[in-house]
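Here's the structure, in structure tokens; my notes come after.
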Amino acid sequence: MLADMKSVDLLIVGAGFGGLYMLHKARSLGLEALAIEAAPSVGGTWYHNRYPGARVDIQSMEYSYSFDEALQQQWCWSERYAPQPELLRYANHVADRFGLRDGILLNTRVRGAHFDEAARRWQVFADDGRRWSARFLVMASGPLSSPNRPDFPGLQDFKGAVLHTADWPHEPVDFSGRRVAVVGTGSSAVQAIPIIAQQARELTVFQRTAAYAAPARNGPLDREFEARIKADYAGFRARNRRMHGGFGTLLPPNPVSALAVSAQERERSFEERWRVGGFAILGAFNDLLLNLESNALLAEFVRTKIRATVEDPQTAALLQPTHTIGCKRLCVDSGYYETFNRPNVRLVNINQAPIERFTATGLLSGGRSHDFDTLVLATGFDAMTGTMLRLDLRGRAGLRIQDKWRAGPLNYLGLGIAGFPNLFNIAGPGSTSAFTNVIVAIEHHVDWIADCICHLQAHDKSSIEASEAAETAWTEYVNKAARRTVFLSCNSWYLGANIAGKPRMFMPLADGFPRYADHCANVAHKGYEGFVLQ
Ligand code: NAP
């Protein structure tokens, strides 16, 4: 058995944007690396999330790799916010351009990995029985990669098609003439609903929590703007890396409290950024995500926009979110609220009257039956930990990840886990990933991991493992950062609150990318302080 086990230096789980860059980087260090991907294609998120309207919510000139100057100069985005098919083409282009395909095993699902203490190597195994031995194991399986499929009573009785935004069919879905139901009103639904509504005969949206959405103001990419950025792309990237979210240098946050200006000045600033679109509005003042009072002013501004957009007062009232804005990730939309003015679209509040059960022809909620032919679940993800916890992952002394993370995803710097030597996590819990332009987060993690491996080689060490003390202190640091913000004031996937029974722990680090990156750099400069090297 062990004889047919292939040995590699570094094994990567996933061939999305994280896995692709990790593979390229590992090869540039002369390591033998292999990426294993369950899907039949590279691209990760952008392979699976192909629902109508799917597009990135950070500008394409920012949401792209920076590690290769020729790549960033030569690639041309078509729109300000790239649509999913173009992002998938980009991932494929990167795989081809850097000759990565022969290092990627597609259609292969990693089932688990056990750490062999004597050999100090990971034994990795796939669903189909194949096995590998690897010195380093990198989890590039993505923070949002396990779709959340709520256990709705009677769903199996529903006779129509059931689709999930995060696991969308690869053949075209034609909604014309159909009665469609969408459950959920997060970022995915907010993008899909306007497009589905244009095709469907009837669309019923089942809303548990109303969403805040800022207009994307998407359009063709301005070629002059592109040329300006490309004239100093490296400088643009470097400036973005010093921004809180790793992007946004085009319109930096206003360094003033929302409470320090007059009502007119506040309105002017909100309006100006609303016109720019996207996440710009969250930077209108420096305390919108820190201070509940400031936050409430922005929340009311957006509610006013909703009231002004939605014609039916009852629907407009239902669409008014009441929670803190930005506490759940702000949605970025193209015509979401306007869609509720269409005669074929209906909004059903399932907050007060939750879905009781599905039937052969639809669902029952609040004692009423709603009939439809196609159900779209836009119910999100078991975020940040879902994918890792589905694996049979065992560290030293057979420690199971499910036991280790029983109370939440303990880790150090988001990169290492005590008890799991030589395992690195890309863009997972404990890092700023969810609050950062994720490609910036990925590149930072991959570069840090590569430097770390070089350090181990230079110092003749065979393993690195986070210490429990460092992990405990880091977990407290992550909690403390969250307590300084408004993020604990609502139920979000950041907190694990969207999944029944999931332990509540604030998972991403809300401390800003620059501070986090400095922290990681300091740890490295101090000889990987907080890690045990052997
Ligand atoms: P989400 O934000 O978690 O939204 C899920 C929606 O489903 C919420 O409205 C939620 O209601 C509802 N829901 C979940 N379980 C339910 C249940 N049992 N009954 C009724 N409703 C239920 O998921 P998402 O929209 O897929 O987005 C997740 C994240 O992916 C985003 O925050 C973003 O980071 C990323 N994303 C990005 C883009 C982009 O770049 N443009 C697009 C899509 C997604 P509650 O709010 O009440 O829980």
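The values are calculated or read from the model by the stated rules, or taken from the named source; none is laboratory data. Just so it is clear, the model here is predicted, and its values are computed rather than measured. Backbone-built Cβ (ideal geometry, glycine too); neighbour counts: all protein chains shown. For the accessible areas, the whole protein counts, side chains as well, though only heavy atoms, and no ligand, DNA or RNA atoms are used. Shrake-Rupley method; radii C 1.70, N 1.55, O 1.52, S 1.80 Å.
Miscellaneous remarks
- Pairs, first closer than 18 Å to Gly248 by Cα in segment 66-81, second of a type in the set (Val, Ile, Thr) and open to solvent by less than 30 Å² (accessible area, probe 1.4 Å), C-beta under 7 Å, six or more apart: Tyr81/Val56
- Within segment 328-337, at least one residue is within 16 Å of the ligand (Cβ to nearest atom), of a type in the set (D, E, K, R) and touching a helix residue (DSSP H, G or I) at 6+ places or on another chain (Cβ under 7 Å).
- Test: residue in segment 36-59 that is open to solvent by less than 10 Å² (accessible area, probe 1.4 Å) and touching an Asp or Glu at 6+ places or on another chain (Cβ under 7 Å): no
- Residue that is most open to solvent (accessible area, probe 1.4 Å), among those in segment 481-500 that are in a loop (DSSP other than H, G, I, E, B) and either at pLDDT below 95 or more than 17 Å from Asp151 (Cα to Cα) (or both): Arg484
- Number of the condition not met by Arg504 [criteria: (1) open to solvent by 60 Å² or more (accessible area, probe 1.4 Å); (2) away from the ligand (no atom under 16 Å from the Cβ); (3) touching a helix residue (DSSP H, G or I) at 6+ places or on another chain (Cβ under 9 Å)]: (2)
- Segment 351-391: number of residues that are within 16 Å of the ligand (Cβ to nearest atom), crowded, with 18+ Cβ neighbours inside 10 Å and not acidic (Asp, Glu): 19
- Members of segment 48-82 that are more than 10 Å from the ligand (Cβ to nearest atom) and either under 21 Å from Val182 (Cβ atoms) or among the β-branched types (Val, Ile, Thr) (or both): His48, Arg50, Pro52
- Close contacts from segment 236-256, counting a first residue that is on the phi > 0 side of the Ramachandran plot and a second that is part of a loop (DSSP other than H, G, I, E, B) and open to solvent by less than 70 Å² (accessible area, probe 1.4 Å), with Cβ to Cβ under 7 Å and a gap of 6+ residues or different chains, come to Gly246/Thr436; Gly246/Asn437.
- Condition broken by Val478, with the remaining ones in (1) open to solvent by less than 20 Å² (accessible area, probe 1.4 Å); (2) within 15 Å of the ligand (Cβ to nearest atom); (3) in contact with a Gly (Cβ under 9 Å, 6 or more places away or on another chain) satisfied: (2)
- Residue pairs meeting the criteria (Cβ under 8 Å; at least 6 apart or on separate chains; first of a type in the set (Asp, Glu), in segment 353-371; second surrounded by fewer than 17 Cβ atoms within 10 Å (Cβ to Cβ) and modelled with pLDDT of 95 or more): Glu356/Pro153; Glu356/Leu364; Asp371/Thr361
- Positions within segment 449-474 being open to solvent by 20 Å² or more (accessible area, probe 1.4 Å) and in a helix (DSSP H, G or I), in sequence order: Asp451, Cys454, His455, Gln457, Ala458, Glu468, Ala469, Thr472, Ala473
- In summary, Phe152 fulfils each of the numbered conditions (1) within 9 Å of the ligand (Cβ to nearest atom); (2) within 24 Å of the chain's Cα centre (by Cα) with the single exception of condition (2).
- If only residues of segment 170-192 that are away from the ligand (no atom under 16 Å from the Cβ) and touching a residue at least 60 places away in the same chain (Cβ under 8 Å) are counted, the one that is nearest to Val13 (Cα to Cα) is His170.
- Yes/no for Ala317 being away from the ligand (no atom under 15 Å from the Cβ), open to solvent by 50 Å² or more (accessible area, probe 1.4 Å) and under 28 Å from Leu495 (Cα atoms): yes
- Answer from Glu311, Glu338, Glu271, Glu293 - the residue that is open to solvent by 20 Å² or more (accessible area, probe 1.4 Å) and without any contact (Cβ under 8 Å) to a residue 12 or more places away in the chain: Glu271
- Test: residue in segment 80-93 that is of a type in the set (Ser, Thr, Tyr), open to solvent by 20 Å² or more (accessible area, probe 1.4 Å) and part of a helix (DSSP H, G or I): no
- Being more than 25 Å from Pro83 (Cβ to Cβ), part of a helix (DSSP H, G or I) and over 28 Å from the mean Cα position of the chain (by Cα) holds for only one residue in Arg266, Arg239, Arg303, and it is Arg266.
- Strands (runs of 3 or more DSSP E) fully within segment 110-203 counting 3 or more residues that are open to solvent by less than 10 Å² (accessible area, probe 1.4 Å): 121-126, 131-139, 179-183
- Tally, over segment 37-65, of residues that are outside any loop (DSSP other than H, G, I, E, B) and farther than 22 Å from Leu221 by Cα: 3
- Tally of residues being surrounded by 16 or more Cβ atoms within 10 Å (Cβ to Cβ) and either part of a helix (DSSP H, G or I) or among the acidic types (Asp, Glu) (or both) across segment 10-35: 11
- Criterion: within 15 Å of the ligand (Cβ to nearest atom), touching a residue at least 12 places away in the same chain (Cβ under 8 Å) and open to solvent by less than 20 Å² (accessible area, probe 1.4 Å) - qualifying residue of Ile439, Ile401: Ile439
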